[in-house]
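Here's the structure we're looking at; comments come further down.
The values are calculated or read from the model by the stated rules, or taken from the named source; none is laboratory data. Being a predicted model, the structure only gives us computed values, none of them experimental. Cβ placement follows ideal geometry from the backbone for every residue including glycine, while neighbour counts extend to all protein chains displayed. Note: areas computed on protein heavy atoms with side chains; ligands, DNA, RNA excluded. Shrake-Rupley method; radii C 1.70, N 1.55, O 1.52, S 1.80 Å.
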Amino acid sequence: LLSADFLHLSKDIEMVNQSEADWFHLDIMDGVFVPNISYGLPVVAQIKKAAQKPLDVHLMIEDPDRYIDEFVKSGADIITVHYEACKDVEKTIQMIREKGVKVGVTIKPKTPLSVLEPLLDKVDMILLMTVEPGFGGQAYIPESTDKIRALRKMLNDRGLTTDIEVDGGIKKDNLEMVLDAGANVIVAGSAIFKDDIEKNTRDFMEILKKRQA
């Protein structure tokens, strides 16, 4: 929703409600962990009132432990935290798990996959940032494809079916590539919320359904 029209947010939320998209992805930025500020708890709570699909809340904030309770109360169904932003990432993961919502962990493009190895069986989802976090509309980092492929192998080798989410620069012309590499949860912002939003969503979902057939 970072790329939605915030002057007419209810209209864009309803469009997503009526589409085949599965989740709402909410980017929460604090201007400290990333060099941008997005929106916070009151906006999440209002989105929850209108949304008919789960809220996938991506916390790009320092020391996320401080706000886990509040984001759960505001309606988060999935909370993803940055490995780089946590003082004790395993403690944070457990804290989210105890609140009864799904938990994800994410890393920036330059952070090595090796930091995730102790966490692979502790989370529901791993988010790989395929751009530097903080701003929408960036171009996909090509090296991300090998990283997705390597992460899927790490999970397969352990017999895990953990979701791999990718966020940043995903468009219709590279969607199949990231799906082939092993990603199965796709975040799209600027590729959806421009021109014909309904058609863009439909085109994305058609590609996804073809790959799953």
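Observations on the structure shown:
- Search result, residues across the range 43-73 that are part of a helix (DSSP H, G or I) and in contact with a Ser or Thr (Cβ under 8 Å, 6 or more places away or on another chain): V44, A45, K48, A50, P64, D65, I68
- Residues in the range 182-197 that are over 20 Å from H58 (Cβ atoms) and in contact with a helix residue (DSSP H, G or I) (Cβ under 6 Å, 6 or more places away or on another chain): I197 only.
- For the range 15-24, the tally of residues that are open to solvent by less than 20 Å² (accessible area, probe 1.4 Å) and either modelled with pLDDT of 95 or more or in a loop (DSSP other than H, G, I, E, B) (or both) stands at 1.
- Between E117, E90, E132, E98, the distinction of being within 29 Å of F193 (Cα to Cα) and acidic (D, E) belongs to E132 only.
- Considering residues of the range 74-96 that are more than 17 Å from the chain's Cα centre (by Cα) and not in a loop (DSSP other than H, G, I, E, B) only, the residue nearest to L26 (Cα to Cα): S74
- Conditions (1) of a type in the set (D, E); (2) more than 24 Å from E132 (Cα to Cα); (3) open to solvent by less than 30 Å² (accessible area, probe 1.4 Å): number failed by D77: (3)
- Taking the range 141-213 as the region of interest, the helices (runs of 4 or more DSSP H) fully inside it that hold 1 or more residues being within 25 Å of V103 (Cβ to Cβ) and free of Cβ contacts under 8 Å to residues at least 24 places away in the same chain are 144-157, 197-212.
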